[in-house]
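All remarks here apply to the structure that follows.
Only the coordinates and a few stated rules stand behind these numbers; no lab work does. Fair warning: this is a prediction, and the values are worked out from it, not measured in the lab. Positions of Cβ are generated from backbone atoms using ideal geometry, with glycine treated the same way; all protein chains shown enter the neighbour counts.
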Amino acid sequence: MFLLNSDIFIWDLAILLLITFSFCGGLACLIWTRRHPHRSLQKLFVGFFGFVGFFGFLIVTYASFIEPQMIVVTRVQLLHPLAQPMKIAVVSDAHIGPYKGKVFLQRVVQKINEQLPDLILMPGDFVFTRSADPSDLSPFAELRAPLGIFAVLGNHDVGQYQSPIGKRYSGKDRGENIAQKLEEYSISVLRNENDILTLPHGKVAVAGIDDLWTGHHDVPASLSSIPKDVFTILLSHNPSVINNSESASAHLTVSGHTHGGQIRLPGIGPITELPTNLGKSFDQGLFSLENDRLLAISRGIGESGARSRLLAWPEILLIEVEPL
């Protein structure tokens, strides 16, 4: 749907212009060097810019049309004294809409099921734009996990957005409709509540909150009535929830939202600020916090803003949990 959807037309136009200008610039430099073979210094200078042009063309093309279609499985190991042995698959930020649809989700579901997870967690942002159809989430109905599949809603799902310059604005809240669809697909949507699961050798609690940007989140309610000796997972779309002191009773917080920065550079990481108040260091992966708490941030499988990803491959985060 390149250039065909009004919600992302400006982003796609910018990508088209970058591709066109970089390729034409590189081609023009190549032609000049061929026509002026005896101007050594100028030829070197123009040749350098020609290389930059062709390199830019390849990078933008790769980041916009190749990497976003990849699916990688990132494995991390979690050790905790209260934990029970289990395998948790985390899939976040599907952002169904003009960039990602049913075909891509079918590939994601197949990849998740191949990992044979015990538990699947989905930390929100199921849709991208106002034109997205929640019924396109139907491939998720084929997910399989013996301990269950749990989700929370993200800021896009409830109509809370952030502009490229960091300004917040609101749109249509589609949370109820999305939650209803997910429940139809046997996915339990946790909205300031929890569920305690029984394992062969113990229990694990999965709690979930509404998105932080709505102000409707209730961390104490989500964690209420959970015994202290039960390993507790808090599902929150936005990882900034760890700044909430009331979240301290959760042993593992699982989030998405950051996309890993979506565009990353080697040795630098995300090139833009992340939409959290935690800083760029909390971009992706598993983090150790104080008091034996852990935070897992998935970079997700979809895109917002531009359709591009660079060194931030769409990810299924697989957490292998073992007791200490």
(request) Determine the gain in length on full extension of the stretch Ala221-Leu311; use 0.36 nm per residue of separation and subtract their C-alpha separation, reporting nm with one decimal. (result) 28.6 nm
(message) Give me a comma-separated list of calculated 3J(HN,Hα) values for the range 82-89, in order, Karplus coefficients 6.51, -1.76, 1.60 applied at θ = phi - 60°, integers in Hz, x for any Gly or Pro.
(response) 9, 6, 10, x, 6, 10, 10, 9
(request) Would you please give the residues with an amide H less than 5 Å from that of Leu294, counting only those at least 5 places away or on a separate chain, with H modeled from the backbone geometry? (result) Leu252, Thr253, Leu289
(request) For the range 9-65, restrict the atom set to alpha-carbon positions and state the Rg and Dmax in Å. (result) 13.2, 45
(message) Could you work out how much longer the chain between Thr214 and Ile268 gets when fully extended? Use 0.36 nm per residue separation minus the Cα distance between them, nm to one decimal.
(response) 16.3 nm
(request) Round to a whole angstrom and tell me the spacing of the C-alpha centers of the range 251-324 and the range 111-125. (result) 16 Å
(request) Kindly flag which residue pairs out of Lys167/Lys280; Lys172/Lys203; Lys102/Lys172; Lys167/Lys228; Lys100/Lys172; Lys100/Lys280 have an alpha-carbon separation exceeding 28 Å in this structure. (result) Lys172/Lys203; Lys167/Lys228
(request) Enter the angle in degrees (range 0 to 90, nearest 10) between the Cα long axis of helix 102-114 and the first principal axis of the Cα atoms of the chain, meaning the one along which they spread out most. (result) 50 degrees
(request) At 25 °C and 0.890 mPa s, grab the translational diffusion coefficient of the range 146-232 from Stokes-Einstein with a Kirkwood Rh over Cα pairs, rounded to a whole number in µm² per second. (result) 171 µm²/s
(request) List, in order, the whole-Hz ³J(HN,Hα) value for each residue of the range 200-207 obtained from phi through the Karplus relation with A = 6.51, B = -1.76, C = 1.60 and θ = phi - 60°; use x for Gly and Pro. (result) x, 10, x, 10, 9, 9, 10, 10
(request) Starting from the Cα of Arg130, step 7 Å along the direction of its Cβ; do the same at Leu79; then give the gap between the two resulting points in nm. (result) 5.2 nm
(message) Over the range 9-65, what is the relative contact order in percent, taking alpha-carbon pairs closer than 8 angstrom and at least six residues apart?
(response) 47 percent
(message) For a bin width of 10 Å, list the pair-distance distribution of the chain built from all Cα-Cα distances, rounded to whole %.
(response) 6, 26, 32, 19, 9, 5, 3, 1, 0
(request) Quick one: what are the phi-derived ³J(HN,Hα) couplings along the range 170-178, Karplus 6.51/-1.76/1.60 with θ = phi - 60°, whole Hz, x for glycine and proline? (result) 10, x, 6, 7, 10, x, 4, 5, 5
(request) May I ask you to derive the FRET efficiency for Leu13 and Arg35 from their Cβ-Cβ distance with R0 = 25 Å, giving the value to the nearest 0.05? (result) 0.20
(request) Treat each spin label as a single point 7 Å out from the Cα along the C-beta direction, and report the Thr20 to Phe51 distance in nm. (result) 2.8 nm
(request) Give the calculated FRET efficiency between Ala28 and Phe65 to the nearest 0.05, with a Förster radius of 25 Å applied to their Cβ-Cβ distance. (result) 0.60
